[in-house]
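Step one of this worksheet: look at the structure below.
Readers should treat all values here as calculations from the given coordinates under stated rules, not as data from a laboratory. Treat the numbers as computed from the prediction; the structure is a model and nothing was measured. Here the Cβ positions follow ideal geometry from the backbone for every residue, glycine too, while neighbour counts run over all protein chains shown.
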Amino acid sequence: MNALKSIPVLVEAPATRDFCYQNTLPLLHEISHALRRLQQEQLPTTIDLNAIPFGPGDEQRLLEFLGRGEVSAHLEALGNSSVWESGYPGIWFIEHRNESGERVAFQMEITTLPAILATHPDDIAESLSSLQKALENPSLGHRIGD
Amino acid sequence: MDTNTKTLGEALRRNGVTRRGFLKFCTATASMMALPPSMVPAIAAALEQARRPSVIWLSFQECTGCTESLSRSHAPSLENLIFDHISLDYHHTLQVASGEAAEAAREAAMHANEGAYLVVVDGSIPLGNPGYSTIAGFSNLQTLEETVAGAVAVIAVGTCASFGGLPKAYPNPTGAVSVSDIVTDKPVINVPGCPPIPMVITGVLAHYLTFGTLPELDHYGRPKAFYGTSIHDRCYRRPFYDKGRFAHTFDDEGARKGWCLYKLGCKGPMTYNACATAKWNQGTSWPVESGHGCIGCAEPDFWDAGGFYNALSVPTGEISRNASYAIAAGVGVGAIAAGINQRTRNKAVRQHAEVTIEDLEKR
Amino acid sequence: MSERIVVDPITRIEGHLRIEAQMKGNRIEQAYSSGTMVRGIETILKGRDPRDAWAYAQRICGVCTLVHGIASIRAVEDALNYDIPKNAQLIRNLMIGAQYIHDHVMHFYHLHALDWVDVVSALKADPQATAELAQSLSSWPNSSPGYFADTRRRLADFVESGQLGIFANGYWGHPEYKLPPEANLMAVAHYLEALAWQREVVKLHTIFGGKNPHPNFLVGGVASPIDLNSDSAINARRLSQVQDVISRMRQFVDQVYLPDTLAIASFYKEWFKRGEGLGNFLCYGDLPATNMRDRDSFLFPPGVILDRDLSRVHEIDMHDKAQIQEYVAHSWYNYSTGKETGLHPYDGETQLDYTGPEPPFKQLQVEDPYSWIKSPRWRDKAMEVGPLSRVLLLYASGHEPTRELARFALAKLDLPIIALFSTLGRTAARTLESKLLADAMQGWFDDLVSNIKRGDTRTFNEALWDPSTWPETCQGAGFMEAPRGALGHWVVIRNGKIANYQAVVPSTWNAGPRDASGQSGAYEAALQDQHTLVDSSQPLEILRTIHSFDPCIACAVHLADEAGDELIKIQISG
Amino acid sequence: MNDAMDFLLWARGTAFDVALTIFIIGVIIRLFEILSLGRPRSLAEPKGNQLLPGMKSVISRTLPDNGTFKRQPLTVIAGYLFHIGLLISLLLFIPHIELFNATVGFGWPGLPNPIVDAATVIAITGLLAALWNRLTNPVMKLLSDKEDYLVWLLTFLPLLTGYLAYHRMIEPYPLALGLHILSIELLLILFPFTKLMHTFTLFLARWYNGAMSGFRGVQS
């Protein structure tokens, strides 16, 4: 374990954005088109990043390029999921992992708010009825799903 | 046996899966089936109604690599597949029961799900002699025909089941054939690869589970969603091919910098599979990323396609030897032709020289 | 009355195996092991480019997905006298080590465990008590009552669904299942955890070989270059992934696999008294610190142990035609020298000759040929190969860590060393060597890193890549210790093409039928060693002993050249 | 069902061997034949240098001349487009270079694929224009015989199949590649026995013409 650390690694900041594998650059163009669509026609776009033929390091470079913005959310349903807005507002990343922590989906949504974060109308209805029940008899208070 | 009582939607809800969880599940399913994210609502609607199909997995002339590959699947994982998605009622490598009890399980599943179960086959079927491969005293052909009779469809997993694979490689000592050579009255979906990418195996199962139908297939009976594009066209090293930058040997500068492996025999241009996007073992790497050219393992007869380290455009014969023979022969024949020419010419010249004014006047 | 019990298919193994047992009362008197599938890969290999051979050979088996690839490139390298760079040697060692640990853990949990673990009984377990049991055995973090309650609930849901899938028709409730419900539940939880774990650890193969199963190999080195400044090579990120895999392996072996083996074994001590059989053990040796010619640098020492005599290790030579021979007296092949004779693999010839009953059939004629597996012999003696052989050879050769580990395990179980010669001894040996290998892997990895640090990044030797540099004729033997035992590939190369190819694999040694002189193979002998069946319609005991060998039958089935070409015989130096 | 791969293997194997053999033997015979005819020894006193005018003629006749261009602009343009496009796609496409490398033992750098692709389109357009010209121009039509059309087709097919294969417009790919290779094999086989031989003889002929004029001291 120590041996690995003993490799002298000098981290150099890339002088230019290196998109040599060329799959990130077209993707960024696609994203910008999607963003325009969102702005002008209010049409959201979802891109399945698993379907993009990334070369080694491409995903890393894309994530670094887009950076992280103000919002991030954590979801616990059938394993963990993370949702975060990139440094470019309107561009979101959604990463789903299964119970063993393995990534099962990785998507980019160009939208105002990713659908998975919004509360489902049926849940609101259930929520309302159970809250009312709880108010009628506070000792029965419970959370949905238990 | 009261089997298919619960839909997947009910089962998930019973396990306390929330709507967000369900949406996530659908998203992952879409991604796994290589379907666009816009399909998620349709998948959600279909999954609500989906029931665990009975799956009978038959192994013939195989190496178990396909099953091993399935066990590497992470979305859904093999354990989720077994517990939640399908009822894997017969599978030599995984099932607990042996011998008669195992065969009884197969027969029970066939009975209870008559006309509705899926048969998965890995391995080719030897027709050279029924004794070349037997299970419980039955030849593979007998087992296949009997099991497929009541099936809704057959999924041929791996290149052996899909196209005959290694056993069928020249000179095909056991007379091995593919599933589709035998099963002609049922839909056969080919999921080739040696082994196939686990996501492709589960993706096809998921498609059937979700929609109750089979995915769209190409001319080789392969699901287009996974086999629609060549390795080469989706390869991250493709730009280097286009720019003319190649690794000339393993471990040279080009190899280290990740240049194109075409000259080292990469069969990416002729191979249709999802390795370049799905990659292997949870996106860890794939053959080209790890420095070895694609060997073309999802294509029919790739074993006989002319060597793994010869560039695709290079002819398979002994070119330089043939060419030198041809040159020698050409020179030989050419010299003779030239000799004949020379003689003709000399003769002509001679004859010409002999023409005198007198000769002409005689005419 | 004499009854013939037939178990076909033997499940939870690789390939197609049939066992027939001739009973005397409730005791197995004679056992017959039959491989029931053949493909003819050696025939297919003839005439091909030797540099391609690994890919064909590798497809002999997708479970031990690496071993035939390695044996094949070693055979070609031996024939050509081809040296490989140090990094390539270390990377190959790491890949072999990963194969072992992955294979052994999957064998234990997914193929073998359900012979000892009653899944249905696990439903009766108390999660609290299970948690206490688990915590008393190991510091593995997944051991809370809630965790086991979840597992139990999932299992209950599954059983209630009525579709038992792969668990249908198991011999549940068989009186030979002796674990308490809590131990059963813990084992079921670990069955599932091991499935997730194995997906992680095979990534080592993916990093170096591009995929698993069937990672890629290369004659002359490895295909993955090393360059710390490149994204597309083995770099610091890749190395740390490898380190992560090694750490996970060591943790799982130490905290789950080893404690579970000892815990389960402690309920089945009578299985340390039966199922050994031959008493002869063979090991080719493997895992060199330097190179394959330097046998002294091997982690696993080569040699043969006869009649359980650990005080004497006999030397083994793969090129010596008097030592290793294969017989086909009871196999569906022909020899031009006659069916009773034995042939060294260099002279190996085989013609498929099925003389068994016409399918469908009920019973094999065991006086006649009855298997697609040949019968290899060392100096005409039947041998057992595999983890038990290796551990015994390590023990006999005085390898201190092995002795210490064996002493520790035997002390825990309160058993003498002789207990290793048994069904569970074989299973325990597999666990012990996993522990040894997981630790060794860290050493190879550290060597690799320090080599890179010194500036040596070579992974491939181009010198003999071009076939025009090869001698007109040459031959070589590639050997390795596969997880299931001694594996050898023999290749004859003529004019740049394969003139002959032979593989003698671990399960051929173990699963082979009787030879010309009537000697049983290892499976057969083990089953004939004090096996009584509680219920002949549920022959759980047969499965236990057969599974303890970790059968790999696609490997075992012999596959050689149909025409039986005359070989050019040459002396191999060294 | 695996006919496509069998076809490709045959095209890359036996068929290629046969075609290459016929091509090599044929070309050598033709060259021997032509060269052995020799040149009549001129008894006249040389009035000038042969070498330079010979070379000059090779170059000048490779460049378009004004007269022809004015009379037949299409022939000239199409001809040039086609020849340049063909040479680029034939000699500077990397898989082709790999093939040469495997055949003759050496290679040379190639061009990026998009450029080669464009060159192929140009060559195909040039060939189509030439054909159109041949069919519509009365003089050309009169002059053309069956061999002209055959030669046109032999040249056109490799370009077309190559383009289709590269863009995967024929499925499956082994079939596309096999057809491409086969079309070239057809070209190779008929090459020595048709006008296609001009590939090897044109510079010879041009030099000869120029040299003759030089010998006589005439401006070529």
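Charge dipole of the range A:17-113 (Cα centre as origin; +1 on each Lys and Arg Cβ, -1 on each Asp and Glu Cβ, all else neutral): 240 debye, rounded to the nearest 20. Calculate, for C:D535 and C:D296, the FRET efficiency according to 1/(1 + (r/R0)^6) with r their C-beta to C-beta distance and R0 51 Å; round to the nearest 0.05. According to the calculation, E is roughly 0.50. Each part reduced to its alpha carbon centroid, the range C:93-162 and the range A:90-132 end up 32 Å apart.
If eta is 1.567 mPa s and T is 4 °C, what Stokes-Einstein diffusion coefficient results for the range B:51-226, Kirkwood Rh from Cα pairs, in µm²/s? It comes out at roughly 81 µm²/s. The chymotrypsin sites (Phe, Trp or Tyr not before Pro) of the range D:172-220 include none that DSSP puts in a loop with a beta carbon having at most 13 other beta carbons within 10 Å. Of the residues B:Q282, B:N341, B:F25, the one whose Cα sits farthest toward the positive end of the charge dipole of chain B, with +1 on the Cβ of Lys and Arg and -1 on the Cβ of Asp and Glu, is B:N341.
Seen through its C-alpha gyration tensor, with square-root eigenvalues sorted a ≥ b ≥ c, chain C comes out oblate because a/c lies at 1.5 or above while a/b is not bigger than b/c.
Across the range C:98-257, C-alpha contacts under 8 Å between residues 6 or more apart give a mean separation that, scaled by the residue count, equals a relative contact order of 29 percent. Counting only alpha carbon atoms, the long axis of helix D:173-190 and the longest principal axis of chain D meet at about 30°. Axis angle, to the nearest 10 degrees, between helix D:198-216 and the longest C-alpha principal axis of chain D: 10 degrees. Around the Cα centre of the protein assembly as shown, unit charges on the Cβ atoms of Lys, Arg, Asp and Glu (plus for the first two, minus for the last two) sum to a dipole of about 4440 debye. Among the GluC sites (Glu not before Pro) found in the range C:320-403, those both in a DSSP coil and sparsely packed, with 12 or fewer other Cβ atoms within 10 Å of their Cβ, are C:E340, C:E367. Between the C-alpha center of the range C:73-90 and that of the range B:117-143 there is a gap of 39 Å. Of the GluC sites (Glu not before Pro) found in the range B:97-148, those in coil by DSSP whose Cβ has at most 14 other Cβ atoms within 10 Å are B:E114. In this rough spin-label picture, where each label sits 7 Å from Cα along the Cβ direction, the C:S139-C:E340 distance is 6.4 nm.
Suppose each label sits 7 Å from its Cα in the direction of the beta carbon; what would the A:T119-D:S144 distance come out to in nanometres? Output for this residue pair reads 7.8 nm.
Counting every pair of alpha carbons in the range C:410-482, the share spaced more than 18 Å apart comes to 69 percent.
Potential lengthening of the chain between D:L128 and D:L153 amounts to 8.0 nm, from the contour at 0.36 nm per residue minus the alpha-carbon distance.
Lysines within cross-link reach of C:K453: Cα-Cα under 17 Å, excluding same-chain residues under 8 positions apart? Hits, sequence-local ones excluded: A:K5, C:K86. Placing a label point 7 Å from the Cα of A:A73 along the Cα-to-Cβ direction, the residues of the range B:15-39 with a backbone N closer than 11 Å are B:20. Note on the range C:442-470 and the range D:88-106: Cα centroid distance 32 Å, given to the nearest whole angstrom. The convex hull built on the alpha-carbon positions of chain B has an orientation-averaged projected area of 30.7 nm². From the cross-link list D:K70/D:K141; B:K168/C:K381; B:K257/C:K211; B:K243/B:K267; B:K279/C:K435, which pairs have alpha carbons spaced over 24 Å apart? In this structure, B:K168/C:K381; B:K279/C:K435 lie more than 24 Å apart at Cα.
Rounded if a/c is under 1.5, else prolate if a/b is larger than b/c, else oblate: which is the range C:401-554, with a ≥ b ≥ c the root eigenvalues of its Cα gyration tensor? It is oblate, given that a/c is not under 1.5 and a/b is not larger than b/c.
Coupling constants for the range C:466-483 follow from the phi torsions by the Karplus curve (6.51 cos²θ - 1.76 cosθ + 1.60, θ = phi - 60°), and in residue order they are 6, x, 5, 8, 8, x, 4, 9, 7, 8, x, 10, x, 10, 7, 9, 7, x Hz; glycine and proline get x. Suppose R0 equals 60 Å; then what is the FRET efficiency for D:I115 and C:K24 from their Cβ-Cβ distance, rounded to the nearest 0.05? About 0.15, to the nearest 0.05.
Dimensions of the range D:35-124 along the principal axes, based on C-alpha atoms and rounded to the nearest Å, stand at 54, 41, 22, largest first.
Sorting the Cα pairs of the range D:63-220 by distance into bins of 10 Å, from 0 upward, gives 10, 30, 36, 18, 5, 1, 0 percent per bin.
Fully extending the segment from C:N495 to C:A463, taken as 0.36 nm per residue of separation minus the present Cα-Cα distance, adds 9.8 nm. Here is the tail figure for the range A:40-128: Cα pairs spaced more than 23 Å apart come to 29 percent of all pairs.
Simple rule: put +1 on each Lys or Arg Cβ and -1 on each Asp or Glu Cβ in chain C, find the dipole, and look at C:A438, C:L114, C:A21; the Cα lying farthest toward the positive end is C:A438. Rounded to the nearest 20, the Cβ-based charge dipole of chain C about its Cα centre (Lys and Arg +1, Asp and Glu -1) stands at 700 debye. Label sites at D:T201 and D:N66, each approximated as a point 7 angstrom past Cα along Cα to Cβ, lie 3.2 nm apart.
On the basis of the beta-carbon distance and an R0 of 41 Å, C:R4 and C:H314 show a calculated FRET efficiency of 0.65. Classified by the C-alpha gyration tensor, the range C:243-285 has an oblate form. Its axis ratio a/c, with a ≥ b ≥ c, is 1.5 or above, and a/b does not exceed b/c. Taking amide H atoms as placed 1.01 Å from N in the peptide plane, the amide H of C:H344 lies under 5 Å from those of C:E326, each 5 or more residues away in sequence or on another chain.
Near B:I340, once Lys and Arg are set to +1 and Asp and Glu to -1 for all other residues with Cβ below 12 Å from its Cβ, the sum equals +2.
Taking 0.36 nm per residue of separation and subtracting the Cα-Cα distance, full extension of the segment from B:Q49 to B:A329 would add 93.4 nm. Relative to the longest principal axis of the Cα atoms of chain B, helix B:19-32 runs at roughly 20 degrees. For peptide A:101-109, the mean count of partner chain Cβ atoms within 10 Å of a residue's Cβ comes to 6. Start at zero, step by 10 Å, and the Cα-Cα distances of the protein assembly as shown spread as 2, 8, 16, 20, 19, 14, 9, 6, 4, 2, 1, 0, 0, 0, 0 percent across the bins.
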